[in-house]
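Encoded as structure tokens, the structure appears first; notes follow it.
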Amino acid sequence: MRNVHTVTQVRDAEAPLLASLPPGALMQRAVYGLVAYAARRLGRVGGARVVVLAGGGDNGGDALWAGARLAARGARVDAIAPGRTHPEGTAALLAAGGELHGPDPLPDDDALRALFDRADLVLDGLLGIGGQGGLRTAHARLASFAPMERTVAVDVPSGVDADTGAVAGPAVRASATVTFGTHKRGLWLMPGAAHTGPVELVDIGLELPEPDLRALEDPDVAALLPVPELSSSKYRRGVLGLVAGSDAYPGAAVLAAGGALRGGAGYLRLITEGHHDEATGRPRGRAGDLVAQAHPEAVVTAIAAGDTAAMLAAGRVQAWAIGPGLPPGPAVRELLGALLGTDQPIVVDAGGLDPLAEIVAADPRALPERAAPVLVTPHEGEFARLVRVALGWDPQRAAAELAADRLATVRRAAAGLGAVVLLKGARTLVVEPAGAAWVNTTGSAWLGSAGTGDVLTGLVGSLLAAGLPAALAGAVGAYLHGRAGERAAVPLAASDLPGLLSGVVTDLLAGARAPRPAEGGPGRRGTPHRPHAR
């Protein structure tokens, strides 16, 4: 489990160590980890060329001290400073044989280009976790020269807000980030997450509070996956009622059903919109026919548009999912209103989101006062409509707030709706009404394809029916969905994902059964995961 903390929490945890340790000792802990990473990255330190981008704060001090250690081991180290530098770090670098360029004057473009072109490694220490707003002109100029494939960010890429992930103007793009003490929010939230590369965590001995943002990893997901016992039956494993598909959008039901069958529930009831069949006198729909052909294990019920009685009569379920392939309108609003009157948890996506917004606008207590949770799974466009209609937000302001502080904006929406919000994107967020949140770090840009969200809806609904709490069903579902996307051949088609999900789950469970290193040994980082009670 990756625990994610704010800058204030980091500063508060550093304070007692700074007061109790000898001057500079805490910085040297960070430097030790940074140098160890740089040496692994270089392979051979002696003869390597290293460029240090040195700002004036402790972040620049970390980079300068690391440069000094590398220089002492035979590297050629050139530090470039756009302003004042950390005094002790600068002295150490020069004493070890490194060179300092700038601040007055800074090298010209040709000289900078030559330094960066020759560099085997660039350490970005321009700006640390205290930086906010855009980079100053001289800092931005240096950032523009840093080659992404050879640049390692120190604690956080310069120009990325460590708390929000916001990027206001030019910023360093790193191939990797070495961060100290704990993960910072800006490393995992977009758009900052696009600047970090893989993140290496260096333990410097901080005592931190419980985080309110976490990122799951393979062992966490394996521990949370619903696994049947010898005494389990299809009913005891959970039944999902999936309300999806129409004559206009039949494929969405097929995709959602495919995801649902890989989520751990033992039984899938598909309720789909149909038309009157003259031969039988009963509703029949293209979506139901296609699902029956693709997934014969699903039990299909076709209903007339808006027929709530027929939907609820389909059979007992432990959770509902509604929306994929449903054209939003009064009929879907009727179905959704009936589901909200039940005591089962509900996943709402796609064609169910606009009707849900109308219901909440008419009755703001509709979701908070339910006995069971509601989880909504919008993409950004659907999110904008949802908060505009349900909560009265200005859509332009909502878009600006998402760009400035994505997590805070989704937290405000979850609290206002009284629902768990899963905001899909490059770093999917899952946020509870009380504020606890998960950020998903798996996935591929190829998942930005029609139909992948339908698979996710079925998957999350199945996990919910199998017994996971709503937020964890969303977080685990997003993680598995991303892992499947990483395995897919490209270009990815949504119909590839259900089969890939089976392989992902199989491998995670096999990995959970394999022997693991002793706690604190190789391969173990941070706080051991404590499985969520369920």
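Given the condition open to solvent by less than 10 Å² (accessible area, probe 1.4 Å), in contact (Cβ under 8 Å) with a residue 40 or more places away in the chain and either in a loop (DSSP other than H, G, I, E, B) or among the charged types (D, E, K, R) (or both), answer yes or no: does some residue in segment 231-240 qualify?
The answer is yes; a qualifying residue exists.
Could you tell me which residue of segment 371-413 is most open to solvent (accessible area, probe 1.4 Å), considering only residues that are part of a loop (DSSP other than H, G, I, E, B) and free of Cβ contacts under 8 Å to residues at least 40 places away in the same chain?
The extreme case among them is Ala371.
Does at least one position in segment 145-159 carry a residue that is within 17 Å of the chain's Cα centre (by Cα), hydrophobic (A, V, I, L, M, F, W, C) and under 22 Å from Ala426 (Cβ atoms)?
So in segment 145-159, the residues within 17 Å of the chain's Cα centre (by Cα) come out as none.
Looking for residues that are within 17 Å of the chain's Cα centre (by Cα), hydrophobic (A, V, I, L, M, F, W, C) and under 22 Å from Ala426 (Cβ atoms), one finds none in segment 145-159, hence no.
Being open to solvent by 70 Å² or more (accessible area, probe 1.4 Å), touching a strand residue (DSSP E or B) at 6+ places or on another chain (Cβ under 9 Å), at pLDDT below 85 and more than 21 Å from Arg237 (Cα to Cα) narrows it down to one of Arg530, Arg525, so name that one.
Being open to solvent by 70 Å² or more (accessible area, probe 1.4 Å), touching a strand residue (DSSP E or B) at 6+ places or on another chain (Cβ under 9 Å), at pLDDT below 85 and more than 21 Å from Arg237 (Cα to Cα) holds for just one of Arg530, Arg525, which is Arg525.
Which one of these is assigned to a helix (DSSP H, G or I) and open to solvent by less than 10 Å² (accessible area, probe 1.4 Å): Gly499, Gly485?
Unique residue meeting the criteria: Gly485.
Quick one: which residue in Leu422, Leu447, Leu417 is at pLDDT 95 or above, over 19 Å from Ile322 (Cβ atoms), aliphatic (A, V, I, L, M) and in contact with a helix residue (DSSP H, G or I) (Cβ under 7 Å, 6 or more places away or on another chain)? Steps first, answer last, please.
Values: Leu422 fails: over 19 Å from Ile322 (Cβ atoms); Leu417 fails: over 19 Å from Ile322 (Cβ atoms).
The conditions single out Leu447.
Yes or no: segment 30-44 includes at least one residue that is open to solvent by 20 Å² or more (accessible area, probe 1.4 Å), more than 19 Å from Ser175 (Cβ to Cβ), part of a loop (DSSP other than H, G, I, E, B) and small (Gly, Ala, Ser).
no
With Gly169, Gly181 as the choices, which residue is in contact (Cβ under 8 Å) with a residue 24 or more places away in the chain and exposed (fewer than 15 other Cβ atoms within 10 Å of the Cβ)?
The unique qualifying residue is Gly169.
Give just the number: which of (1) under 35 Å from the mean Cα position of the chain (by Cα); (2) of a type in the set (Asp, Glu); (3) closer than 25 Å to Ala371 by Cβ does Asp307 not satisfy?
(1)
Here are the criteria: (1) of a type in the set (D, E, K, R); (2) buried (at least 24 other Cβ atoms within 10 Å of the Cβ); (3) over 20 Å from Leu326 (Cβ atoms). Tell me which single one Glu217 does not satisfy.
Here Glu217 clears every test but (2).
Quick one: Asp220 ticks every box in (1) modelled with pLDDT of 95 or more; (2) under 24 Å from Ala338 (Cβ atoms) except a single one, so which number is it?
(2)
Listed residues Ala140, Ala114; which is part of a helix (DSSP H, G or I) and either free of Cβ contacts under 8 Å to residues at least 12 places away in the same chain or in contact with a Cys (Cβ under 8 Å, 6 or more places away or on another chain) (or both)?
Ala114
Does segment 59-82 hold any residues that are open to solvent by 30 Å² or more (accessible area, probe 1.4 Å) and either at pLDDT below 95 or hydrophobic (A, V, I, L, M, F, W, C) (or both), and which are they?
Scanning segment 59-82 gives Trp65, Ala72.
Collect the residues in segment 403-416 that are out of contact with any strand residue (DSSP E or B) (no Cβ under 7 Å at 6 or more places or on another chain) and over 22 Å from Gly133 (Cα atoms), keeping them in residue-number order.
Arg412, Ala415, Gly416
Report, by residue number, each residue of segment 121-140 that is open to solvent by 30 Å² or more (accessible area, probe 1.4 Å) and in contact with a helix residue (DSSP H, G or I) (Cβ under 9 Å, 6 or more places away or on another chain).
Leu127, Gly130, Gly134
If I go through segment 84-105 residue by residue, how many of them are at pLDDT below 95 and open to solvent by less than 40 Å² (accessible area, probe 1.4 Å)?
1
Can you confirm whether segment 141-161 contains a residue that is open to solvent by less than 20 Å² (accessible area, probe 1.4 Å), among the charged types (D, E, K, R) and at positive phi?
yes
Which of the numbered conditions does Glu229 fail, given that it passes all the others? Conditions: (1) within 23 Å of Gln9 (Cβ to Cβ); (2) over 21 Å from the mean Cα position of the chain (by Cα); (3) acidic (Asp, Glu).
Condition (1) is where Glu229 drops out.
Please indicate, with yes or no, whether at least one residue in segment 3-11 is under 19 Å from Val202 (Cβ atoms), open to solvent by 70 Å² or more (accessible area, probe 1.4 Å), in a helix (DSSP H, G or I) and of a type in the set (Ser, Thr, Tyr).
no
The values are calculated or read from the model by the stated rules, or taken from the named source; none is laboratory data. Quick caveat: nothing in here was measured; it's all calculated off a predicted structure. Every residue, glycine among them, receives a Cβ derived from its backbone with ideal geometry; neighbour counts consider all protein chains shown. For the accessible areas, the whole protein counts, side chains as well, though only heavy atoms, and no ligand, DNA or RNA atoms are used. Shrake-Rupley method; radii C 1.70, N 1.55, O 1.52, S 1.80 Å.
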